[in-house]
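Enquirer: Take this structure, written in structure tokens, and hold onto it; I'll ask about it next.
The values are calculated or read from the model by the stated rules, or taken from the named source; none is laboratory data. Fair warning: this is a prediction, and the values are worked out from it, not measured in the lab. FYI the Cβ positions are ideal-geometry reconstructions off the backbone, even for glycines, and counts take in every protein chain you see. Side chains included, ligands, DNA and RNA excluded: accessible areas come from the protein's heavy atoms. Shrake-Rupley method; radii C 1.70, N 1.55, O 1.52, S 1.80 Å.
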Amino acid sequence: MVEIKGLTKTYAGGRTRAVDGLDLEVKDGEIFGFIGPNGAGKTTTIKMIAGVLRPDTGSVRIAGVDMSAEPVRAKRNLGYVPDTHDAFDKLTGIEYLGFIADVYGVDGPERKEGMEKYLRLFDLQSAARDSIKSYSHGMRQKIMLAGALLHNPPLWILDEPMTGLDPASALLLKEAMREHCRSGHSVFFSTHVLDVAERLCHRIGIILGGKLAAVGTLEELRANAAADATLEQVFFSVADKQTEGARL
Amino acid sequence: MSAGREYFLLLLLQIKLRVRSGSAGKPRPLHTFAVGLAVVYMVVAVSFLEVFMLGPLFTAAKTLDDMALQAGGLTLANALFGYALFLVMAMCLVLGTVTLLSIVFFAKDTEVFAAFPLRQGNVFASKFTICYLAELGFSLFLLAPAAGTYAHYVGVPGSFWPRLAFAALLLPVLPLAFAALVALPLTAVFGRMRRRGLVGAAAGMLAVAALVAGQMWFSASLSRLFLGDALLELLNGNKGFITSSLGAFPPLLWLTRAVFDGGLGALGAAALYVAVTVAALLCALAVSRAGYYKAALAHAEAAKRRAAAAVFLPAAKRSVTKAVFVKEWKSLLRSPVFALNSLTGVVVFPVMIAVSAVGGSSYAVVFEQLAQYGVPEPMLWMTLSAVLGFVASINPAASTVFSREGRGLDQIRALPLTPAEQLRGRMLCFHSIGVGGVLLSFAAMLLMPLDKGIIALSAFTGLGISFAATEISAVPDCAAPKTRWSSDTEAMKQNFNSLLGMIYAFAMLPLLLGLGYTVTFFAPLELAACAVVLLSLAAARGARAWNVWLTAKMLDG
Ligand SMILES: Nc1ncnc2c1ncn2[C@@H]1O[C@H](COP(=O)(O)OP(=O)(O)O)[C@@H](O)[C@H]1O
Ligand SMILES: [Mg+2]
């Protein structure tokens, strides 16, 4: 579903290496968790996958379509929820969904049914006609999630999606992610909350200082640590090895 | 903390916020250069215009004054300068209202301030001071060339300059205090309304109506001075009419006397003017101490609709262009600041044209004389087209096309749209504003006692120019949008791109019309109009292609 090769991005005229030679693959029907500490380069990577940032070097392919060669066609295949929700706050919830449906060409019965379904799922019916400006953080998150699901994209890209959600909504979101994968679609999401990744993901990538430190299923990752290690223990053992490696 | 200290700390913070906003990111030398160039261009253009317009007026007034029998008291030239002061005051009222609404009443940071243990009167006063400084700069920018022209053509004693400085410093206070006194209760009441964007725009239009009323009064007085029996009265040694016409707005008479009168008269007038200014200021402060937060936070509390039993879903699918177009219009109208800034011009100028065309104004007399003696048709066509082109060139919506998306621009980038598609719907929205302004102005021009055929031809030309002006004014923002704003004001009004866009459009206007005028030397007027329109459309097409290219580069991270 997603193939990333040699992805690099620097900021501040090359002084900050936010992402450094990243290779990654997300398979069809997979929930891929992207974990790492603050400032590790998760958001930068996600923005490059979503076609928001242009990589310095490297390539991103979504469902076989190269992002830099055919951006519009590649973007059609994904639904992106950023970590901040500043866009569209002058629109009402329902107008936002209508706009997304128009832009992605969602027509016919799916249009109405989809809107109804996701407004109901995220409990946004009563707020649908208020402007997004009046929404709480969690409600904004949910309307953006609804927008990213509405056109049923093969790939869902979520940046820190659990932040600000109440327990019930977080559960709903996890359910929605699992359901999304059942039809062969994929989810790529970032988090710094390890428990979430541990229970939800088919595979996990750990990013440290812009480099992919480890990738695999939880079992594969445990090879780095004890056999019954939690993701937290795995994470710290990977991080420790990195710092040792740096010292050597 | 003492109230005074608190005020100064807040003022310092406000100044820092204003100075630093927009300077995020690396400084670009080219940008700084463009800023400098734009400022110089504006100063030169306005100065030139003022010298050009006021010079003959002042000379005429001086000639009449020299014939007057009665010595002492205000002269005709003094009165004319007084009217210039009045016009600046009226401009301060309109622009000050807009600034006040954006910075004081619809600012996003009010909520933050409200959380601190600060006196609300002080928060208001610090922001009010910022508005004052802005209007002061603006009025100095307008007054300085007028004063220079006056000094050159009429001659002034040395004491004129300190007196003028005193007048200039006080000038913006009265209109601003008045605007604040009106705006405070209005925002408290209307801030909770659902359609407050439109209500805000309507309030701006009201301010415009005030300006137009002031201008009517001004024109009527001016024509009384010059077209009435001024000469006769002066020769008869009667100068009372000067005082009485200025006295229609007593503070104006006081201010003019403070600048020109001799000795005690000036002191007394200055004292009166200071008294009325201080009184208005104290009133505004007292009201703000009681209810500033109530007014300024009213809009932060989103007015909600009662939950509908069934959510109405827009079933019909729109094309991408239409979806973007509708979204753009909605986001313009939902913000009072956006609505006010993008629509005021479209309404102000037609109203001003209409008012100047109908009876009671000195312009009407001028138009009648023009009609009587006949103006060369190409001249008339060019002037009217220039006015329409001017109306179309002030389009802050187009010149902040991507800035207004703010940090949400990333989500715009992620949409599966080509740069051309991103622009098409948006530009269509801005063209509709420009065309609306031209058509409304055209309707207003029909009130003028001029050849209707020429007016129609000018409207045709103006429409063409409007397309080019709108496209070209979007160029700076497609290249480098300012997305790091924290209030709608910063996104639009304080966005340098909006000034830059306007200047681009203004720079193009004389080129297009100049070429058209040249055509009239060897071809009929209709052909010249067609030439200008074709040229404009070509320019619009070219600017769009440029914009698409710039947008592609800009959106591409
Ligand atoms: N716009 C930017 N300009 C400069 N540096 C940035 C920018 N965005 C992110 N960075 C830097 O890039 C690195 C990675 O940031 P980010 O991808 O946001 O991390 P994460 O999402 O994992 O917390 C950090 O060091 C951050 O400071
Ligand atoms: Mg992040």
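Enquirer: For the pair B:Asp556 and B:Leu534, how long in nm is the line joining their label points, each one 7 Å along Cα→Cβ?
Expert: Each label point is offset 7 Å from its Cα along the Cβ direction, giving 3.5 nm.
Enquirer: Using a 1.4 angstrom probe and counting only protein chains, how large is the accessible area of B:Trp549 in Å², to 10?
Expert: Taking all protein chains as shown, B:Trp549 has close to 140 Å².
Enquirer: What distance in nm separates the simple spin-label points at A:Lys211 and A:Asn152, each placed 7 Å from Cα in the Cβ direction?
Expert: Calculated label separation equals 4.3 nm.
Enquirer: For region B:484-541, what class follows from the C-alpha gyration tensor (a ≥ b ≥ c being the square roots of its eigenvalues): rounded when a/c is under 1.5, otherwise prolate if a/b is larger than b/c, else oblate?
Expert: Prolate shape, in that a/c is at least 1.5 and a/b is the bigger ratio.
Enquirer: Give a residue-ordered list of calculated ³J(HN,Hα) values for region B:143-156 (Karplus: 6.51 cos²θ - 1.76 cosθ + 1.60, θ = phi - 60°; whole Hz; x for Gly, Pro).
Expert: 6, 4, x, 5, 5, x, 4, 4, 4, 6, 8, 9, x, 9
Enquirer: Separate question: For A:Cys201, B:Cys283, B:Cys92, give me the order by solvent-accessible area with a 1.4 Å probe, most accessible first, ignoring ligands, DNA and RNA.
Expert: Listed by decreasing accessible area, they come as B:Cys283, A:Cys201, B:Cys92.
Enquirer: Could you order peptides A:231-242, B:455-466 by the average number of other Cβ atoms within 10 Å of their residues, highest first?
Expert: For the peptides A:231-242, B:455-466, the packing ranking is B:455-466, A:231-242.
Enquirer: Right, next: Could you order the peptides B:326-337, A:114-125 from most to least packed, using the average number of other C-beta atoms within 10 Å per residue?
Expert: Those peptides, ordered most packed to least, come out B:326-337, A:114-125.
Enquirer: Probe radius 1.4 Å, ligands and nucleic acids left out: which of B:Glu405, A:Glu113 has the largest accessible area, and how do the rest follow?
Expert: A:Glu113, B:Glu405
Enquirer: Counting only protein heavy atoms and using a 1.4 Å probe, what share of the accessible area of region B:320-555 belongs to carbon plus sulfur, as a whole percent?
Expert: 71 percent
Enquirer: Label A:Glu219 and B:Met53 with points 7 Å out from Cα along Cα→Cβ: what is the distance between them in nm?
Expert: 8.3 nm
Enquirer: Next question, about the same structure. For B:Lys127, go through the aspartates and glutamates and keep the ones whose alpha-carbon is under 20 Å away, minus same-chain ones fewer than eight residues off.
Expert: Partners within reach: B:Glu6, B:Asp109, B:Glu111, B:Glu135, B:Asp488, B:Glu490.
Enquirer: Per-residue mean of other chain beta-carbon atoms within 10 angstrom of the beta-carbon, peptide A:116-127?
Expert: Partner-chain Cβ atoms within 10 Å, mean over residues of A:116-127: 2.
Enquirer: Something else now. Placing one identical point scatterer on every Cα of the protein assembly as shown and ignoring solvent, what is log10 I(q)/I(0) from the Debye formula at q = 0.06, 0.10, 0.11 Å⁻¹?
Expert: Values, matching the q order: -0.48, -1.12, -1.28.
Enquirer: Can you tell me how much longer the chain between B:Leu169 and B:Arg484 gets when fully stretched, taken as 0.36 nm per residue apart minus their C-alpha distance, in nm with one decimal?
Expert: Once the chain is fully extended between B:Leu169 and B:Arg484, it gains 110.1 nm.
Enquirer: Tell me which residues come under 5 Å, amide H to amide H, from A:Leu208 once H is placed; ignore anything under 5 positions away on its chain.
Expert: A:Ala213
Enquirer: Now a separate question. How big is the dipole moment of region B:320-555 about its Cα centre under a simple scheme where the beta carbon of each Lys and Arg is +1, that of each Asp and Glu is -1, and everything else is neutral? Debye, nearest 20, please.
Expert: Roughly 880 debye, rounded to the nearest 20.
Enquirer: Under 15 Å from the Cβ of B:Arg407, count the other residues' Cβ atoms, weight Lys and Arg +1, Asp and Glu -1, and hand me the total.
Expert: Result for the neighbourhood of B:Arg407: +1.
Enquirer: Divide by every residue of the protein assembly as shown the summed helix terms, -39500 (n - 2.57) for each DSSP H run of at least 4, and state the resulting mean residue ellipticity at 222 nm, rounded to the nearest 500 deg cm²/dmol.
Expert: Mean residue ellipticity at 222 nm (helix-derived): -21500 deg cm²/dmol.
Enquirer: Still on this structure, I have one more. What residues in region A:5-53 lose 30 Å² or more of accessible surface when the other protein chains are added to their chain alone (1.4 Å probe)?
Expert: A:Val52
Enquirer: Within 10 Å of each Cβ in peptide B:404-410, how many partner chain Cβ atoms are there on average? Round it to a whole number, please.
Expert: Neighbouring Cβ atoms belonging to other protein chains average 5 per residue here.
Enquirer: Give me the inter-chain shielding for A:102-109: mean count of other chain Cβ atoms within 10 Å, whole number please.
Expert: Average neighbour count from other chains, rounded to a whole number: 5.
Enquirer: What are the ³J(HN,Hα) couplings of region A:134-139, residue after residue, when phi is run through the Karplus curve with 6.51, -1.76, 1.60 and θ = phi - 60°? Round to Hz, x for glycine and proline.
Expert: Karplus values, whole Hz, x for Gly and Pro: 7, 7, 6, 4, x, 5.
Enquirer: If you take the charge dipole of the protein assembly as shown about its Cα centre, with +1 on Lys and Arg Cβ and -1 on Asp and Glu Cβ, which of B:Phe442, B:Ser432, B:Ile454 is farthest toward its positive end?
Expert: B:Ser432
Enquirer: Classify region B:83-150: rounded, prolate or oblate, from the alpha-carbon gyration tensor (a ≥ b ≥ c, eigenvalue square roots; a/c under 1.5 rounded; otherwise prolate if a/b is larger than b/c)?
Expert: Prolate, since a/c reaches 1.5 and a/b exceeds b/c.
Enquirer: Separate question: For the peptides A:143-150, B:274-281, B:429-436, what is the packing order when you average, over each peptide's residues, the other Cβ atoms within 10 Å and list the highest mean first?
Expert: A:143-150, B:429-436, B:274-281
Enquirer: Taking 0.36 nm per intervening residue step and subtracting the Cα-Cα distance, what contour gain separates A:Thr57 from A:Thr16 on full extension?
Expert: Roughly 13.3 nm would be gained on extension.
Enquirer: If amide H atoms are built 1.01 Å from N in the plane of the peptide, which residues on other chains or at least 5 residues away come under 5 Å of the amide H of A:Thr92?
Expert: Result for A:Thr92 returns A:Ile132.
Enquirer: Round to a whole number: what % of the accessible area of region B:145-191 belongs to carbon and sulfur, probe 1.4 Å?
Expert: Taking all protein chains in place, region B:145-191 shows 80 percent carbon and sulfur surface.
Enquirer: Still on this model: Using a Gaussian network model of chain A with C-alpha springs under 10 Å, which one of A:Val196, A:Val60, A:Val187 is most mobile by mean-square fluctuation?
Expert: So, out of A:Val196, A:Val60, A:Val187, the one fluctuating most is A:Val196.
Enquirer: Strictly over 30 Å apart at the Cα level, which of A:Lys42/B:Lys493; A:Lys90/B:Lys553; A:Lys9/B:Lys327; A:Lys112/B:Lys493; A:Lys42/B:Lys317; A:Lys112/A:Lys174 would you flag in this model?
Expert: Correct reply: A:Lys42/B:Lys493; A:Lys9/B:Lys327; A:Lys112/B:Lys493; A:Lys42/B:Lys317.
Enquirer: Now a separate question. Taking all protein chains in place and a 1.4 Å probe, what share, in percent, of the accessible surface of region A:122-248 do carbon and sulfur account for?
Expert: Taking all protein chains in place, region A:122-248 shows 52 percent carbon and sulfur surface.
Enquirer: Considering only DSSP beta bridges with both partners in the protein assembly as shown, what is the antiparallel share in %, to the nearest 5?
Expert: If we restrict to bridges inside the protein assembly as shown, about 55 percent are antiparallel.
Enquirer: At 0.36 nm per residue, minus the direct Cα-Cα distance, what do B:Glu111 and B:Ala420 gain on full extension? Give it in nm, one decimal, please.
Expert: 107.4 nm
Enquirer: Mind grabbing the accessible area of A:Glu95 for me, 1.4 Å probe, Å², rounded to tens?
Expert: Around 40 Å² of this residue is reachable by solvent.
Enquirer: Turning to a different aspect of this structure: Only sites in a loop by DSSP and with at most 13 other Cβ atoms within 10 Å count here; which trypsin sites (Lys or Arg not before Pro) in region B:82-159 make the cut?
Expert: B:Lys108
Enquirer: Now a separate question. Under 5 Å between amide hydrogens, which residues at least 5 positions from A:Ile31 or on another chain qualify, with H placed 1.01 Å from N in the peptide plane?
Expert: Placed amide hydrogens put A:Val187, A:His202, A:Arg203 under 5 Å from A:Ile31.
Enquirer: Convert each backbone phi in region B:242-253 into a coupling constant with the Karplus relation 6.51 cos²θ - 1.76 cosθ + 1.60 (shift: θ = phi - 60°), then list the ³J(HN,Hα) values in order as whole Hz, x for Gly and Pro.
Expert: Working through the residues one at a time gives 5, 4, 5, 6, 5, x, 4, 10, x, x, 5, 4 Hz.
Enquirer: Sorted by accessible area with a 1.4 angstrom probe, largest first, how do B:Asp410, A:Asp23, A:Asp102 fall?
Expert: A:Asp23, B:Asp410, A:Asp102
Enquirer: Ignoring ligands, DNA and RNA, how much accessible area is buried between chains B and A, both sides summed, with a 1.4 Å probe, to the nearest 100 Å²?
Expert: Buried area between the two chains comes out at roughly 3700 Å².
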